[in-house]
1. Mind telling me which of the residues Phe73, Phe10 ends up being crowded, with 16+ Cβ neighbours inside 10 Å, in contact with a strand residue (DSSP E or B) (Cβ under 9 Å, 6 or more places away or on another chain) and farther than 16 Å from Ile233 by Cα?
2. With charged (D, E, K, R), assigned to a loop (DSSP other than H, G, I, E, B) and modelled with pLDDT under 95 as the only criterion, which of Lys191, Lys134, Lys103, Lys183 stands out?
3. Can we say Asp247 is at pLDDT below 95 and in a loop (DSSP other than H, G, I, E, B)?
4. For the stretch 222-244, enumerate the residues that are in a loop (DSSP other than H, G, I, E, B), under 21 Å from the mean Cα position of the chain (by Cα) and within 24 Å of Leu6 (Cα to Cα).
5. Among the residues of the stretch 207-221, write down those that are within 16 Å of His126 (Cβ to Cβ) and part of a loop (DSSP other than H, G, I, E, B).
6. Could you tell me which of the residues Leu52, Leu86 is of a type in the set (A, V, I, L, M) and modelled with pLDDT under 90?
7. Filter the stretch 149-164 down to the residues that are out of contact with any helix residue (DSSP H, G or I) (no Cβ under 8 Å at 6 or more places or on another chain), assigned to a loop (DSSP other than H, G, I, E, B) and closer than 11 Å to Ile216 by Cβ and list them by number.
8. What tally of residues in the stretch 16-67 results from selecting those that are of a type in the set (A, V, I, L, M, F, W, C), closer than 30 Å to Asp2 by Cα and not in a helix (DSSP H, G or I)?
Amino acid sequence: MDTKKLYQKFWKNGYVIIPNFLKKNEINQIFLQLNDLINIAIGEKKNKLSNLNIINKRYLYLKNKNPKLKSHFYDLIKYCDKIVNLAGSNKFLKYAKLFLNSKTTFIEAPQIRIDHPKEKLHLPEHQELNKFSKDVINVWVPLVKTSKINGGIHFRPKTHKLGHVKYEGSHISAGDAGAKRFKILENLFNKKKFKRFKSISPKLNAGDAVIFHSFIFHGTHPNLTNTIRWTYITRYNSIKNAPYLKDKNAPLNIPYDADYNFT
């Protein structure tokens, strides 16, 4: 698909899916660095990573035996050179700059999201707020095959056209909102004004990318399987709609309770 059509498709639906966005060797390089990191945390001298089951076992061992160090491992992932370099690579930037229609963008710290097996913790639907800009391009790339059963993503196409939607508790992050948010969003999208926006849950192979606008309502399913769901996530903020550059009193991140439709 040429860039003009891809741009139009993105802004029509609020998202695009790019199959095979990360190649197998790129995914392997990510896991090799994660393995290097976790081996130090668990005191493992054998650094070999022969398959994904190895790092899954090592992570779950650390989680059970030393949850504090597990958190330290997670905190440091975003500083690994492969994680950082991918976010700044042309592979990612060409889409971010295309959809933001800009030669310059702010890269937000990339991360690896780790969804534990058989833990029903998952993010309720939300819009991506509290960033540098009101226009943010999110890139969500599973490093393993994902579906509704193992913590895959779900979202509502075209909800970006609604702009910033305020509802009960929308000034709180999705992670902090808790279980109450699920019912609130269910009621919201049962209203006549919003009922046409149906949620979809795409099945994705490892390396497929979902690229979506910050105003699309999105969340994740609980991971009900016996294995970890690993996902690479990074975000790109527009420089054109960053209040911090225009208002000397503005905070670096736009507050959750701001009106993004007039920012």
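1. Phe10
2. Being charged (D, E, K, R), assigned to a loop (DSSP other than H, G, I, E, B) and modelled with pLDDT under 95 holds for just one of Lys191, Lys134, Lys103, Lys183, which is Lys134.
3. Judged against the criteria, Asp247 is a match.
4. Those that are in a loop (DSSP other than H, G, I, E, B), under 21 Å from the mean Cα position of the chain (by Cα) and within 24 Å of Leu6 (Cα to Cα): Ile239, Asn241.
5. Within the stretch 207-221, Ser214, Phe215, Ile216, Phe217, His221 qualify.
6. Leu52 is the lone residue from the list that is of a type in the set (A, V, I, L, M) and modelled with pLDDT under 90.
7. Hit for the stretch 149-164 is Arg156, nothing else.
8. 5
The values are calculated or read from the model by the stated rules, or taken from the named source; none is laboratory data. As the structure is a computational prediction, the values presented were derived from the model and not from experiment. As a convention, Cβ positions derive from the backbone with ideal geometry for all residues, glycine included, and neighbour counts pool all protein chains shown.
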